[in-house]
1. Identify, please: which residue in region B:99-119 is outside any helix (DSSP H, G or I) and small (Gly, Ala, Ser) and is, among those, farthest from A:Phe85 (Cα to Cα)?
2. Taking region A:63-90 as the search range and keeping residues that are within 9 Å of chain B (Cβ to nearest Cβ) and among the aliphatic types (A, V, I, L, M), which one is farthest from A:Leu170 (Cα to Cα)?
3. For region B:62-77, which positions are loosely packed, with under 12 Cβ neighbours inside 10 Å and in contact (Cβ under 8 Å) with a residue 24 or more places away in the chain?
4. State whether one or more residues within region A:299-322 are under 17 Å from A:Ser278 (Cα atoms) and more than 31 Å from the chain's Cα centre (by Cα).
5. Output the number of the condition that A:Arg109 fails; it satisfies all remaining conditions of (1) assigned to a helix (DSSP H, G or I); (2) within 14 Å of chain B (Cβ to nearest Cβ); (3) at pLDDT below 90.
6. Would you check if A:Ala299 is in contact with a strand residue (DSSP E or B) (Cβ under 7 Å, 6 or more places away or on another chain), modelled with pLDDT under 90 and outside the structural domain of A:Ser32 (by TED's automatic domain parsing)?
7. Within 30 Å of B:Ile169 (Cβ to Cβ) and either within 14 Å of chain A (Cβ to nearest Cβ) or at pLDDT below 95 (or both): is that true of B:Arg73 in this structure?
8. Mind checking which residues of region B:97-116 are within 14 Å of chain A (Cβ to nearest Cβ) and acidic (Asp, Glu)?
Amino acid sequence: MSLSLDLRHDGPPLDFRADLPRGRITALLGPSGSGKTSILRAIAGLLPVREARVTLEGEHWDGAGVRLPTRARSIGLVSQHYALFPHLSALGNVEMSLTHLPAAERRARALEVLALAHVGGLEHRRPHELSGGQKQRVALARAIARAPRVLLLDEPFSAVDRSTRKRLYLELRRLHEQLRNTVVLVTHDLDEAAQLADHLCLVRHGRLLQAGPASDVLNRPRSVSAARLLDIPNVFEGRLTRDAGDERLLHWGPHRLRVAALDPALPDGLLRWAVLPSNVLLAHADRAWNSDLENAVQARVLEVVELGGEAVVRVQPAGLADAPLQLRLPTRAIRRHAVSRDADVTLCLRSADIVPLCDDAAP
Amino acid sequence: MDATAIALSARLAGVTLLVLLPLAVLLGRWLAVTRTRFKPWIEGLLALPLVLPPTVVGYYLLVAMGNQSALGRLFEALVGHALAFSFGGLVFASVLVNIPFAVQPVQRAFESIAPDLREAAQCCGLTRWQALWRIELPLAWPGLLSAAVLTFAHTLGEFGVVLMVGGNIPGETQTVAISIYDRTQSFDHASAGAMAALLLVISLVTMAVSYGLVERLMRRRRSA
């Protein structure tokens with residue numbers, strides 16, 4: 001682990017402990033006001049925190065009687081609105097972060113990073129002469145010019161249009177492949193975090209809800225709050241039991257779901273659980289009901305909404321009037337299976353895709 | 001025209017500016033970023049010369065400069081003559097009464113610098129002085145220009161405090177404003193009128209030029 005954080009503060013409230021892996025892109029994902037930016041500012045030393053321990057590979061930036069000023073930390077920051085110095089050209093902006101170098105070296109290095117950030121040729125433009133994407137690239141060039149060990153990105157894509165954003169995602173990933181520094185990305189955009197991050201920290205009310213490799217966190221939320229934050233609509237309540245053969249069953253209304261993949265340590269009783277809309281499978285209509293399908297559930301289609309190449313289907317499982325389930329299917333599957341409003345369908349909830357949730361927000 | 005008085009006024013305005021501007025930069029920058037709860041009191045104290053009658057300010061300054069006060073005695077011990085009714089005393093008074101004219105525009109200029117630019121400067125590894133010199137001062141300089149022009153023009157025209165503290169000693173403390181008053185009292189309307197017109201033109205030109213420059217700078221800043 002590389003960047004170790006333990007932050008406690010009152011205004012804004014923070015009670016955050018996490019270890020962010022070295023050389024990876026970590027996204028701090030949370031709703032507005034959840035304290036993500038405060039965490040980033042605390043790492044940079046810009047927010048004086050009541051109790052702080054910030055350690056980079058054993059080097060104390062905060063804590064243990066040390067408080068390094070921002071300028072002495074090996075960081076680069078790209079803020080939401082880029083904070084380019086308006087009186088300086090793109091080149092001047094980058095050179096400003098290289099004042100420790102002799103003038104000739106400074107110029108060469110600034111031109112090098114501007115080219116690396118794909119804004120070579122624009123070095124004499126002032127910020128007001130640059131487009132949103134170009135400003136973002138110049139800000140990125142300025143942030144990486146000092147070869148910082150930690151690159152902090154505070155919602156850096158929020159002020160650019162969608163197509164520019166997609167391009168910038170690619171460029172950031174490419175740049176990261178070359179630089180391999182530790183990147184902390186603050187975002188409230190789930191898709192952005194999913195596309196860019198290797199590691200994910202879910203943040204709510206200044207606390208860490210869950211952390212781990214991005215694919216793990218995105219597919220297996222640990223708590224109801226985490227599931228909500230990940231925008232998973234299918235959160236239900238069931239009852240966990242064991243049958244005579246000690247096999248675990250999840251009773252969900254009239255349905256009995258086999259959940260062999262669940263952690264054996266989970267106690268019997270009430271269980272909140274979730275299933276990702278993309279993990280709910282639609283069975284072939286001609287397949288015999290309840291034959292070899294895993295956890296077959298019959299349902300009636302309430303609504304089909306097509307969004308581009310994908311369709312969001314809301315169904316009502318049999319015997320569960322108040323527990324609508326959401327599926328995401330490719331539109332071609334909708335056509336093939338003739339899924340339409342009021343149609344009866346058979347679904348399959350695989351044991352491995354049933355995610356148990358705890359109520360508390362403990363990581 | 002009283003050339004001696006005009007030269008004296010120009011010298012007073014120049015020296016006041018030289019003394020006050022660095023002070024205003026430090027004080028204005030500090031006031032722009034400080035979170036002390038005494039800030040309204042400090043700002044109020046610095047703005048007092050705007051609302052107090054010049055005679056009141058002049059009276060207190062005269063008392064402070066007199067040989068009954070520590071300041072007056074210290075100055076006299078160092079220089080050999082009293083602070084009151086001298087050019088030095090005039091500079092001291094002029095600096096004090098011009099504080100709001102210099103500090104307020106500078107403070108507003110520093111306040112208008114977005115906090116994320118200051119933070120970006122820190123993240124670039126700049127020290128406080130480097131950040132002030134390379135980032136903040138170039139961004140705040142319309143405010144500095146306003147402060148300089150206001151201070152210069154106001155010093156040229158200051159009357160009440162100058163009369164109280166400096167009296168009316170030609171070549172030493174008799175500024176243009178005092179000289180105009182003096183000539184009017186002695187019915188020398190031609191001279192008084194010429195000097196009044198000169199003061200009017202200088203004030204108008206400096207104010208108009210400074211407003212124009214500031215407006216141009218701000219427009220460029222806004223488009224950035």
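1. Step by step, filter region B:99-119, then rank; the result is B:Ser112.
2. A:Ala72
3. Correct list: empty.
4. yes
5. Failing condition for A:Arg109: (3).
6. No: the conditions fail for A:Ala299.
7. On the way: within 30 Å of B:Ile169 (Cβ to Cβ): yes; either within 14 Å of chain A (Cβ to nearest Cβ) or at pLDDT below 95 (or both): yes.
So B:Arg73 fits the description; yes.
8. B:Asp116
The values are calculated or read from the model by the stated rules, or taken from the named source; none is laboratory data. Only a predicted model underlies this, so the values are computations on that prediction, with no experimental measurement involved. We place every Cβ from the backbone using ideal geometry, glycine too, and count neighbours over all the protein chains shown.
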